[in-house]
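The structure appears right after this line, and notes come after that.
The values are calculated or read from the model by the stated rules, or taken from the named source; none is laboratory data. Bear in mind that the values here come from a model prediction, so they are computed numbers and not experimental data. Every residue, glycine among them, receives a Cβ derived from its backbone with ideal geometry; neighbour counts consider all protein chains shown. To get the accessible areas, we keep the full protein, side chains included, count just its heavy atoms, and leave off ligands, DNA and RNA. Shrake-Rupley method; radii C 1.70, N 1.55, O 1.52, S 1.80 Å.
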Amino acid sequence: MNFGKEMMSADDVSRTIKRLAMEITEVYKKMDSVVVIGIRTRGFYLAKRLVVELKKIGGGDVDIPIGAA
C-alpha cells in the first residue's frame with residue numbers, strides 16, 4: 001500500500017461527509033434512530049465529523065451516539 005499518494009483532498013473528504021450526512025437525513029427523518037460507528041482509529045474521527053454535519057443539517061438538539069469498533 002502506497003501511503004504517499006493522495007486519494008482524496010481535504011475538500012473532497014469534507015464534501016463527501018456533507019453529502020453522506022444529507023443522504024442519511026433524507027432516509028432517516030428522525031435522528032433519534034441513528035447511531036454512527038467508526039472503525040478505530042481514524043474512522044472514529046470521521047464518525048465525529050459526520051455527526052457534526054448531521055446535527056447541522058437536521059438534528060442539532062438530538063444526541064447522536066458515536067462509537068468505535
Practice item. Hey, could you check the stretch 18-34 for residues that are among the aliphatic types (A, V, I, L, M), at pLDDT 90 or above and more than 10 Å from ILE57 (Cβ to Cβ) and say which is nearest to the chain's Cα centre (by Cα)? Key: LEU20
**Study point:** Positions within the stretch 51-69 being open to solvent by 60 Å² or more (accessible area, probe 1.4 Å), in contact (Cβ under 8 Å) with a residue 24 or more places away in the chain, among the aliphatic types (A, V, I, L, M) and closer than 15 Å to LEU20 by Cβ, in sequence order
**Key:** ILE57, ILE66
**Study point:** Residue identified as open to solvent by 60 Å² or more (accessible area, probe 1.4 Å), on the phi < 0 side of the Ramachandran plot and modelled with pLDDT of 85 or more among LYS5, LYS48
**Key:** LYS48
Practice item. Identify the residue in the stretch 51-69 that is charged (D, E, K, R) and part of a helix (DSSP H, G or I) and, among all such residues, is modelled with the highest pLDDT. Key: GLU53
